[in-house]
Amino acid sequence: MTDGSDTTLTADQTVPGPAPSGVVAGIKSFAAEHGGARAVIEYVGKRGARIVLVGSDGAWGDQFAEDTVQAREACAQAGVAVENAWERELMDQMRPSNDLWRSMARRTMAR
């Protein structure tokens, strides 16, 4: 069989439920506090999917969903655009706080 065949079952496929209202509310709240937002969804294995939000003011935060389908649905319900990847413009927009830099430095120095 060739790769991509529609007759090969590669994983258990389940129908995802609706996006949790808490995740949608968190995304809406973040976007409202930061003048809008864009999102990047990252698959994190059994944990599910991480929704990284980047606000128009450069602040960033995250939310977690059970899977990438629910993460995309939550962003759609919240009215936040989902980027396909970490584009340069989005990375340049991020402005990590000094506290975040300090916490990352502590983790690196502790290794």
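No value in this document is a laboratory result; all are computed from the given coordinates. Here the structure is a predicted model, which means the values were calculated and not measured. Virtual Cβ from ideal backbone geometry, glycine too; neighbours counted across all protein chains shown.
Data for the structure
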| quantity | calculated |
| --- | --- |
| Charge context of ALA25, other residues only, Cβ under 15 angstrom, K/R +1, D/E -1 | -2 |
| Extended-chain gain in nm, criterion 0.36 nm per residue less alpha-carbon gap, ARG47 and GLU33 | 2.3 nm |
| Simple spin-label estimate for ALA25 and VAL82 in nanometres, 7 Å along Cα-Cβ | 2.2 |
